[in-house]
Structures are given as structure tokens and as C-alpha cells.
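A.B. asks: The structure that follows is given in the form of C-alpha cells.
The values are calculated or read from the model by the stated rules, or taken from the named source; none is laboratory data. Every value quoted in this text rests on a predicted model; they were computed, and no experiment measured them. Methodologically, a virtual Cβ is constructed for each residue, glycine included, from the backbone with ideal geometry; neighbour enumeration extends over all protein chains shown.
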Amino acid sequence: MAQCNYVIVGGGQAGCRAALALRDADRNGKIVLIGAESHPPYERPALSKGVLKGSALPQSVIIRQLDQLAEMAIETHLGQAVEQIDVASSEVVLDDSRRLKFDRLLLATGSRARSLSVPGVNLLNIHSLRTLDDCLALSESLQSCQKLVVVGAGFIGLEVAASARERFGCQVTVVEAGSGVLQRAAPDELRSAVQTLHKSNGVHFLFNDGVSRFEGDSKLEHVILASGRVLKADCVVIGIGVIPETRLAERAGLEVDDGIVVDEFGETSQPNIFAAGEVTRHKNLFLGAPTRRESWQVAQNQSTIAAHAMSGLRKAYNEIPWFWTDQFGHNFQLIGETGPTLQRVTRIYDGALKSTTFFLDKQAVAGAQSVNSGKDIRLVREAIRRGMNITPEQLADPTVNLKSHLVRDPVLW
Amino acid sequence: MADENWEEVAKVGDIDDEEAIRVEVDGKPVALYFVEGTYYATDDICTHEHASLSEGYIDGTTVECPLHQGVFCLKTGKALQAPVEKDVAVLPVKVVDSKIYIQYLS
């Protein structure tokens, strides 16, 4: 068979993981990885946590260095944007007008931070946090910041708030349009645990409010809220979500619906074009309905599925969704189904802040949320896959060993 | 390695099967595991971020970190599943007269 030309647009975690998986699956194919950022591929979770807090080095987030990629014959074009996909000729057009031919194309373009369109948003010391460069610039700003205002009480905003308190001792005020933290993505138990933790660590919240404008002489000085309240601020972080980077896909005529639409194999509406990571609205057999997820897990694993499909090994994406966040030295995780209609049982461990809430669907464990009890999350993953014979009373009892209740031999069908 | 620097850390029966405890060896935290009649020991702190592997999930001769689900081999310390990339140190274990000893590098 002739050598296959694989082109990957997007040099983040999903693009890199796909390149590595492609190289495993096809020793001879030509693999080209194109990334708009100039850094080698890296993981983003630590940018708002360890790296910002100073407990992890910036280099520690790099997945593979350029020489390591070169050794695997993965060709990289970093700091280079793709302008267009020419579907008819199967080529991508780079920002310097060069054209690269592909047999199979993967779009792993990720997301961009959502911005605020209010006056003064371009003043100095107003940040968003998406890239490693964003993280380094924010770190620099926070060195001399006394008053930090975070816009948005989602995961990124809260992680930044926690890191800024812990490392820099900033006074932190979080402004949020909704009536509480994590309104978009979390069950009540998690929301209240996180909110309490932040308050006890001195973070101030202003709910049901938003930014009407920023004021200052070149450099930020005040944040004016919709309510009329005026906050003095040395630094602002806008954490109001992301927008999937679908522009290339749209211009190429691919099906897009808040994310590039792909099936369980990572295939788009165009036969030789695939998409991976958080830019996708993908099918996950475990969930059924197509979903777009901003998570490490999707970047890591759905990208491998797409890469395998590109190399001809079609295997459906079927994974129990899992998510973590670390704030003020506490670890919170979510796995599986945690919807509001499910029965909930909470087990509280003695001592430090440590608990697990189990979500039951007709007596069966369908998901969980943990506070510093990550081992339970792993057991719930097993319980969802294999089954667990356990009563709600036993689930609630921290002395009951969960592992001994797992179904030993999975049902075969 | 000379046969020295063995520190008594626990007794047989202290750990249930497929469980782990955190012990101290030479003043450092070490995870001591018991799987199908064999004891294993590794550094307790994950090579990825600050988490205690003795609170992890043991599956055969692997342990999964409770923080971010990285997986290590208990026999070799090898990092088997992302996000961990760096191997964890393993320490020799021996049982003498129902006492469990772990050896550290001086």
C-alpha cells in the first residue's frame, strides 16, 4: 500500500495524542502536525492549578518535545495557522500560502476563550487563561496584584481564584452572572462543597452580577459592574467559558453544531476528514446522545479513537465520562451520570474533608462525585462496568469496603 | 546492594488483600501494598502531582492514583497510563518472623 499522508491541524493534547496513536498504528505513514502555538504539544489542566500556583514547572506540561516527535517521524509545523481546507483537492492551506496534501485530515483545533465585549476589555492586566503563554503572563501580573477580580465562577475561574489566594495571597472577588458557582456543569453537592471551601479561604463572591466596563489609564484600575458596584482591581481574569474553534470546519462545509459533529469513530460529514478533542460534538456509546466536553479525558482518549479510524482500525468511542478539579489542596471528581433526577447517597469519611456522593439509577450505581476520595471514583467506574451488589445503607457507611461488593464476573452477552 | 537499611514498617495481617497502607521509611512516605500473598512497596507520592498512592485503587499488580488516575506497575514502578509519564520508585520488601521490612537506599 502506498504511504498515507496524515495531516493533523491542532498541536494541543488531542492533536499530539492522535499523532502518537497514528504512529503506533501505521509505522510508515507520513504524519504532519500543525499547531498555531509555538510550544510543543502540552496538557492544559495544570495551567490554572500547579503551574499557576508554582508547584509545577511550565515544562512539566509538555507531552512530547519536538526532538521526541521528530524521532518518531512526526513532522511538526508550530506557530503556524491553517487558513483553509481545500476539500476538493484534499489540501490544507497554511498562513504562508503553502499547501499540504492529505489523504486523511484530523481537525483537533480545540477551543478559544470566550471574551467579554465591554468597554476597556483591552486594558493592561486583563487576562483570560487558555494557553501556556496566557498562564505565564497571568503569573507575572499576579506577582504584584493585591486585588484580583475573577469574572465567572466556572472551573477555570475558581481554580484561578484558588491559585491566586494560595500562592500570591491576592484579595479575590469572583463576579458571576448566575446565583452560585459551577452552575453549568456540576451537581448540587459539588457546587456547595466548592463554594464553602472558597468562602472559608477568603474568596468573596458577587452573584447575579456582571461586568459593564473596565476603567483605567492604560492599566486596569476599576471594574464597573452591571449593578453599579465599583471594584478596585489590579488584575482581572475572564473565565466565562470557551468557544469551540470550528471556523475552519465551517468554511470547509463540514457539519457543525456547537462543535464539529463526529460519530463514535471521530468521522466528520466528509469521508477523509476526522475531528478529535474538545472541538468535537462526538458520539460516545456510553452516553448515547452526542456531546461536547471540555475535558482532559476527551482530548486524551477520543483523539486516539479518531486516529485509529484514520488508520483503518475503527473502534467506537465508549467511555464513562470523568472529570477532576483541584482547588485549595482538595481534589474533586465526577464520574458517570450525576443528573438531578437520580437517587443520591452520600458517605462521609472521618477526619479531613472527605466524602463521596453516589448517584443511583434504579438501585444501580450510575455515577459519583468525590471530595478527596478519588479511590471511590475508580471503584464506581468498575461498578458501572461490572455491577455492584450493595444497598444504599452500605454505600452510606464509610466502614463498608466497596471493592468487596463489586460483581466479580461481569455478565457476558 | 549490601543487606542493610531494612526498616520494620508493619506486621503480617496489618493489610487486607488488595489494599495498601502508608508507612514511613527513613522518614519518607512509602506505600506498602499486599496483593495475593505478596507485599510490594513504592514511593507513596505520585510522580505526577502530590497524591498518596496508598490511597489508590489496586487492580492486580497495578495501582491507580486517586487524584488523576495515572497507573503504575507495583513490581517495576513503571508508569502505565497517562497522565503519569514518570516511573515511581520501588523499594525492596521482605517478611521475617511475620514482620515486614522495607529497604531504603542510604
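Residues checked against (1) within 16 Å of the chain's Cα centre (by Cα); (2) more than 14 Å from every other protein chain (Cβ to nearest Cβ):
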site: A:257; (1), (2): no, yes
site: A:268; (1), (2): no, yes
site: A:276; (1), (2): yes, yes
site: A:279; (1), (2): yes, yes
site: A:299; (1), (2): yes, no
site: A:304; (1), (2): no, no
site: A:313; (1), (2): no, yes
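A.B. asks: Spot the failing condition for residue B:38; the list is (1) modelled with pLDDT of 95 or more; (2) buried (at least 20 other Cβ atoms within 10 Å of the Cβ), and only one is missed.
C.D. replies: (2)
A.B. asks: Output the residues belonging to region B:64-84 that are more than 10 Å from chain A (Cβ to nearest Cβ) and touching a residue at least 24 places away in the same chain (Cβ under 8 Å).
C.D. replies: The answer is B:70, B:72, B:74, B:75, B:77, B:79, B:84.
A.B. asks: Give the residue that is nearest to residue A:307 (Cα to Cα), with candidates limited to residues of region A:15-53 that are part of a strand (DSSP E or B), free of Cβ contacts under 8 Å to residues at least 60 places away in the same chain and not charged (D, E, K, R).
C.D. replies: Taking region A:15-53 and keeping what is part of a strand (DSSP E or B), we get A:30-35, A:42.
Add one more test, that the residue is free of Cβ contacts under 8 Å to residues at least 60 places away in the same chain, and what stays is A:30-31, A:33, A:35.
When the remaining residues are screened for being not charged (D, E, K, R), the result is A:31, A:33, A:35.
Values: A:31: 11, A:33: 13, A:35: 17 Å.
Per the stated criteria, the residue is A:31.
A.B. asks: Among the listed residues A:340, A:398, which satisfies the condition of being farther than 27 Å from residue A:21 by Cβ, away from every other protein chain (no Cβ under 14 Å) and surrounded by fewer than 22 Cβ atoms within 10 Å (Cβ to Cβ)?
C.D. replies: Among A:340, A:398, only A:340 is farther than 27 Å from residue A:21 by Cβ, away from every other protein chain (no Cβ under 14 Å) and surrounded by fewer than 22 Cβ atoms within 10 Å (Cβ to Cβ).
A.B. asks: I'd like the full set of residues that are touching a Gly at 6+ places or on another chain (Cβ under 9 Å) and closer than 18 Å to residue A:3 by Cβ, limited to region A:77-105.
C.D. replies: A:103, A:104
A.B. asks: Another question, then. Can you list residue pairs whose Cβ atoms sit under 6 Å apart, with the first residue in region A:278-305 being closer than 17 Å to residue A:260 by Cα and the second being hydroxyl-bearing (Ser, Thr, Tyr)? Count only pairs 6 or more apart in sequence or on different chains.
C.D. replies: A:278/A:111; A:279/A:109; A:284/A:317; A:302/A:317; A:305/A:317
A.B. asks: Here is a further query. What number of residues within region B:46-60 are under 12 Å from the mean Cα position of the chain (by Cα), within 25 Å of residue A:57 (Cα to Cα) and of a type in the set (A, V, I, L, M, F, W, C)?
C.D. replies: So the count comes out to 2.
A.B. asks: Of the residues that sit in region A:313-352 and are among the hydroxyl-bearing types (Ser, Thr, Tyr) and part of a strand (DSSP E or B), which one is farthest from residue A:301 (Cα to Cα)?
C.D. replies: Restricting to residues being among the hydroxyl-bearing types (Ser, Thr, Tyr) and part of a strand (DSSP E or B), the top hit is A:346.
A.B. asks: So for region A:181-200 (the condition being at pLDDT 95 or above, out of contact with any Gly (no Cβ under 9 Å at 6 or more places or on another chain), in a loop (DSSP other than H, G, I, E, B) and outside the structural domain of residue A:341 (by TED's automatic domain parsing)), does at least one residue qualify?
C.D. replies: Within region A:181-200, not a single residue is at pLDDT 95 or above, out of contact with any Gly (no Cβ under 9 Å at 6 or more places or on another chain), in a loop (DSSP other than H, G, I, E, B) and outside the structural domain of residue A:341 (by TED's automatic domain parsing).
A.B. asks: Any residue in region A:68-80 that's touching a residue at least 60 places away in the same chain (Cβ under 8 Å): show its pairings with residues that are surrounded by fewer than 16 Cβ atoms within 10 Å (Cβ to Cβ) at Cβ separation under 7 Å, as long as the two are six or more apart or on different chains.
C.D. replies: Every condition considered, the pairs that remain are A:76/A:66; A:78/A:38.
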